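The values are calculated or read from the model by the stated rules, or taken from the named source; none is laboratory data. Please read all numbers here as calculations on a predicted model, not as lab measurements. All Cβ positions, glycine included, derive from the backbone under ideal geometry; neighbour counts span all protein chains shown.
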Amino acid sequence: MRLHYLKVFLFILPLIIFASCSDDPTSVGLSQLGDDLINLKKYDTQTDSTYQTSTFYKSTFALGSASRLLLGKADLVESSILFRFSYSLADSVKTQLKNKTSYVSNAWMELYPKYNFPAKASLTTPFYFRLHSINQDWTVSGFNADSLAAGKVTYDASTNYVSGNASATDTTFVFYIDKTAATNWLMSDADTSFYPRDYGMILTPAAGTQKIIEFQALNSSSSDEPSLTIVLSKTNGYDNDTLTFTPASDTHVVTGDIPSLNKQEYIAIQSGLAVESLIKFNLNLPLHAVINYAELDLTADTTKFLYGSDTTTTTVYAIYYSKDSATWANAEYDPITLTKSGKIYSGNIASYVKKWLNTSNNLGVVIRPSDYLDSVNKLVFKGSNAVNYLERPRLKITYTINK
Amino acid sequence: MKFNSFRIAIVIVSIFSGFVVAQNSSTYTRNGIGDVENSYSARSLGIGEAGSAISDADFINMINPAGWSGLRTSRLEFGVNFSGLTVEDNNNKSYFGKGQFTGITLAFPVSTKYGIALAMGIVPYSNVSYKSKQYMTSTGDEGNYNISYEGSGGLNKLFLGTSLKLFNDFELGATLEYISGDLNYNTQITFENTNIASANYERSVKPKGVGTTLGLITPDINSLLGIKNIKNLKVGFSADIIGKLSSDTLLISYTTYKYSADTANLGSADMKVPYRLNFGLSFIYSDNYQIFADYTYQPWTNYSLNNAKYSTLRDLNKFTAGFEYHPTGPGSGMKTIWRGALGYEQTQYNIDGNGINKFFVSGGFSLPLSPENTMDIGLQAGFIGKKEVGLVRENFINLSAGFSFGEIWFFRSDKY
């Protein structure tokens, strides 16, 4: 039997050796492949005479999830901040307030500035604001500029609960609050029948303001969050209670006019104010083309940019525009980042182009600021009717197709 | 059946199961259902995939089921195959190797007196296997890129059949077959510039359906002719008939970025594979030599997919002749069986009006492991096509190793 094993081994060995060897494939036999052969092709909206349109418009952003809170006024844009606090006072404190055995002896709010808008603004740039109590129930979820305009939050604009002047440095911003207002907020928590009820507060810019300050908003690390401090004093003169609260929710609302530009020449986007641009190319591509690369190029006019000290203007988003809106609630519509190089913002929107082909429905691509929640930066680009056609939005597509 | 022999076989099968991803044919196989496989075993390869008139006692005949009526013992056969192939045109030449497990069959005699045997197994029916690649240079933004073309897959045949010996020793056989498999044709373009997504085109056809093979082998007709030194002169015929195969088809193209899949076409179509006829003659000369000759015809001009016919196909004609040397006398059961054949085939491929022909020479031997068990080695070498007029020439060598295990089943052993 050993001889048989040897025979078997001697035959198996060369088979294994030979079966392990193969050259890399070459072009031999390509001419036999007929319809399977594919071609690489290019399409350039600049050289392939493609009709395109562009415009810019004002949308709405709910800014409740923003990492910043913007307050102030500049460049025809103004921003207000809304807070809601949940005081949840101890029963003993509630009793003292109701029995009037303690009272508010001091109250202040502390905010943490991060950036200024415009970037040239400084501590000495005029900045005035007012504090009002909100008179009706509201929720931060979905709250935006339209909500404010629709009267979903009302307040007495004639009553300002800011007491004295604010104390501002580069890193802190402190202002004192009218004690009556603070008392009302606490009493609303202590006594369910107390009136006026507490529905939070709104900070609004006042006349003469020439900058917008970007404060730290609520965040997961609780770092530099806004805080409200109220000091309770006893009527018997003993002991003070110092209570510090952070907001249960916050948001800011940006209002203003759409940038004033020559719409034939320019398109614009602006964070906070929710100004977006829409560009549409009438592409002439084969239906079953595979899109390997589709570079969207936008030419910026940086002389018309206006941005804050956080110069996050090196990227913008391109967003697939669906029937109803530009959205990425569905991951399929993830924004694609266009990155600045010189005065050109560019990015690969191949997946959008492919979707236009698949659905035979090309509604265009939306351009949105990448910091659309956290600033009021304004960026301006050349539009589809720019006099210099070389500066118009450009789409360069590399695609493959069966021969 | 010796346990050790079986263990050796398992080792070989395991080794070769790892070599299935490779190339063993050329871009000709893009046409139709690819190369038609006539054999899975080393023994069949050694006789040039012929034998439609051979009624063998020790091997399972896959050309003609009527040949099973000669089986004396239950048999298990399987094999592995190595293909070495050079593919060349006027500009390039490449070598490819491939090893794979080829099939398994089981047959057992129910009545040797009446020639009744049952057989079953799974064997290949066709094979698509090619790789080709274009290396492209570009000064554009995309940089250099290359395009790869690959065909793979094939059809397999799962069968169950029987044989019967009629009056005057006419042998009949029939099988019921389930045909299935997938034929895949993929193209991929990749770029040196990694910012540009590669593109993939995948086309596949997945046919399935039933078929049958009917066979007949005559008794010894030399009793009528009286030719000296010849006996067992037999004529054989078999017809391999496949009904319309229901085929799922898929054409998809996509790139590597998200959400880019494009199912361009997903449907079903009927595939019509033409019947195959085998005619054969065999006889034993001088007690030791079994001489045979076969002719195979398959009208591939009748092939269609979704009612579309293809000008790249023509009718197949194949001629094979060969011999098998069986030792005789005392101890012959432990002596080596030798075999050889020559063949010429007008393949089904017809490229731009040029018929693709194949020439081959086969040989092999069966090495006894015990009186009923053999290890079989088959070798076939030849070439297909030509390099002229934009065609491709394949120079191939196929080496097949297999085992044929025999065991007397269904016989009651004596009790002591």
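General remarks:
- Residues in segment B:275-312 that are surrounded by 15 or more Cβ atoms within 10 Å (Cβ to Cβ) and assigned to a helix (DSSP H, G or I): 2 in all.
- Criterion: out of contact with any Cys (no Cβ under 8 Å at 6 or more places or on another chain), closer than 19 Å to A:Thr246 by Cβ and of a type in the set (D, E, K, R) - qualifying residue of A:Asp189, A:Asp178: A:Asp189
Rundown of residues vs (1) surrounded by fewer than 18 Cβ atoms within 10 Å (Cβ to Cβ); (2) modelled with pLDDT of 75 or more, yes/no style:
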residue	(1), (2)
A:Ile16	yes, no
A:Ser27	yes, yes
A:Thr55	yes, yes
A:Ala62	no, yes
A:Leu70	no, yes
A:Ala74	no, yes
A:Arg84	no, yes
A:Thr101	yes, yes
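- Qualifying positions in segment A:58-98 - in contact with a His (Cβ under 6 Å, 6 or more places away or on another chain) and small (Gly, Ala, Ser): A:Ser79
- Every listed requirement among (1) buried (at least 16 other Cβ atoms within 10 Å of the Cβ); (2) under 29 Å from B:Val36 (Cβ atoms) is met by B:Lys165 save one, (2).
- Any hit, segment B:116-136, residues being within 8 Å of chain A (Cβ to nearest Cβ), assigned to a loop (DSSP other than H, G, I, E, B) and surrounded by fewer than 20 Cβ atoms within 10 Å (Cβ to Cβ): no
- Every condition in (1) farther than 30 Å from A:Phe117 by Cα; (2) among the aliphatic types (A, V, I, L, M); (3) in contact with a strand residue (DSSP E or B) (Cβ under 7 Å, 6 or more places away or on another chain) is met by A:Val387 except one, and the failing one is (3).
- In segment A:101-131, the residues that are small (Gly, Ala, Ser) and part of a strand (DSSP E or B): A:Ser102, A:Ser105, A:Ala107
Yes/no per residue for (1) more than 20 Å from the chain's Cα centre (by Cα); (2) over 30 Å from A:Tyr372 (Cβ atoms); (3) among the aliphatic types (A, V, I, L, M); (4) not assigned by TED's automatic domain parsing to the domain that holds A:Pro393:
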| position | (1), (2), (3), (4) |
| --- | --- |
| A:Asp24 | yes, yes, no, yes |
| A:Thr47 | yes, yes, no, no |
| A:Thr50 | yes, no, no, no |
| A:Val93 | yes, yes, yes, yes |
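- In segment B:386-402, the residues that are facing another protein chain (nearest Cβ under 10 Å), under 19 Å from the mean Cα position of the chain (by Cα) and modelled with pLDDT of 90 or more: B:Glu394, B:Ile397
- Options B:Asn288, B:Asn317, B:Asn278, B:Asn302: the member that is farther than 23 Å from B:Ile217 by Cβ and of a type in the set (S, T, N, Q): B:Asn302
- Of the residues B:Tyr95, B:Tyr28, the single one that is over 30 Å from B:Thr162 (Cβ atoms) and in contact with a Cys (Cβ under 8 Å, 6 or more places away or on another chain) is B:Tyr95.
- Count of residues meeting criterion [within 13 Å of another protein chain (Cβ to nearest Cβ) and buried (at least 19 other Cβ atoms within 10 Å of the Cβ)] in segment A:286-296: 7
- A:Ile202 being in contact with a His (Cβ under 7 Å, 6 or more places away or on another chain), buried (at least 19 other Cβ atoms within 10 Å of the Cβ) and assigned to a strand (DSSP E or B): yes
- Test: residue in segment B:87-100 that is closer than 24 Å to B:Ser370 by Cα and touching a residue at least 40 places away in the same chain (Cβ under 8 Å): no
- Looking only at segment A:352-367, residues that are crowded, with 23+ Cβ neighbours inside 10 Å, within 12 Å of another protein chain (Cβ to nearest Cβ) and in contact with an Asp or Glu (Cβ under 9 Å, 6 or more places away or on another chain) come to 1 in all.
- Unique match (being modelled with pLDDT of 90 or more, in a strand (DSSP E or B), crowded, with 22+ Cβ neighbours inside 10 Å and touching a strand residue (DSSP E or B) at 6+ places or on another chain (Cβ under 8 Å)) among B:Gln346, B:Gln380: B:Gln380
- One residue stands out among those in segment B:26-41 that are within 28 Å of B:Gly322 (Cα to Cα) and within 10 Å of chain A (Cβ to nearest Cβ): the one that is modelled with the lowest pLDDT, which is B:Ser26.
- Scanning segment B:89-115 for residues that are farther than 30 Å from B:Ser25 by Cβ and surrounded by fewer than 23 Cβ atoms within 10 Å (Cβ to Cβ) yields B:Phe108, B:Val110, B:Ser111, B:Thr112, B:Lys113, B:Tyr114.
- Checked against (1) under 30 Å from B:Lys131 (Cα atoms); (2) within 23 Å of the chain's Cα centre (by Cα); (3) surrounded by 13 or more Cβ atoms within 10 Å (Cβ to Cβ), B:Asn354 passes all but a single condition, namely (2).
One line per residue, one yes/no per condition, for (1) among the β-branched types (Val, Ile, Thr); (2) within 14 Å of chain A (Cβ to nearest Cβ); (3) surrounded by fewer than 24 Cβ atoms within 10 Å (Cβ to Cβ):
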| residue | (1), (2), (3) |
| --- | --- |
| B:Ala53 | no, no, no |
| B:Pro65 | no, no, no |
| B:Ser69 | no, no, no |
| B:Leu76 | no, no, yes |
| B:Leu85 | no, yes, yes |
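- Residue in segment A:368-377 that is free of Cβ contacts under 8 Å to residues at least 12 places away in the same chain, more than 11 Å from chain B (Cβ to nearest Cβ), assigned to a loop (DSSP other than H, G, I, E, B) and not polar (S, T, N, Q) present: no
- Wholly enclosed strands (runs of 3 or more DSSP E) of segment B:178-274 bearing at least 1 residues within 14 Å of chain A (Cβ to nearest Cβ), touching a His at 6+ places or on another chain (Cβ under 9 Å) and not hydrophobic (A, V, I, L, M, F, W, C): B:245-255, B:262-272
- Residue pairs meeting the criteria (Cβ under 8 Å; at least 6 apart or on separate chains; first more than 14 Å from A:Leu232 (Cβ to Cβ), in segment A:178-191; second of a type outside the set (S, T, N, Q) and in a helix (DSSP H, G or I)): A:Asp191/A:Lys94; A:Asp191/A:Leu97; A:Asp191/A:Lys98
- Near pairs, Cβ below 6 angstrom, 6+ apart or cross-chain, from segment B:323-343 (within 26 Å of B:Asn398 (Cα to Cα)) to any residue that is loosely packed, with under 15 Cβ neighbours inside 10 Å and of a type in the set (Val, Ile, Thr): B:Leu342/B:Val361
- Test for A:Ser122: is it touching a helix residue (DSSP H, G or I) at 6+ places or on another chain (Cβ under 8 Å) and either in the same structural domain as A:Leu232 (by TED's automatic domain parsing) or among the β-branched types (Val, Ile, Thr) (or both): no
Rundown of residues vs (1) within 14 Å of chain B (Cβ to nearest Cβ); (2) free of Cβ contacts under 8 Å to residues at least 24 places away in the same chain, yes/no style:
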{"residue": "A:Cys21", "(1), (2)": "yes, yes"}
{"residue": "A:Ser49", "(1), (2)": "no, yes"}
{"residue": "A:Ser59", "(1), (2)": "no, no"}
{"residue": "A:Glu78", "(1), (2)": "no, no"}
{"residue": "A:Phe83", "(1), (2)": "no, no"}
{"residue": "A:Tyr87", "(1), (2)": "no, no"}
{"residue": "A:Ala90", "(1), (2)": "no, yes"}
{"residue": "A:Leu97", "(1), (2)": "no, no"}
{"residue": "A:Thr101", "(1), (2)": "no, no"}
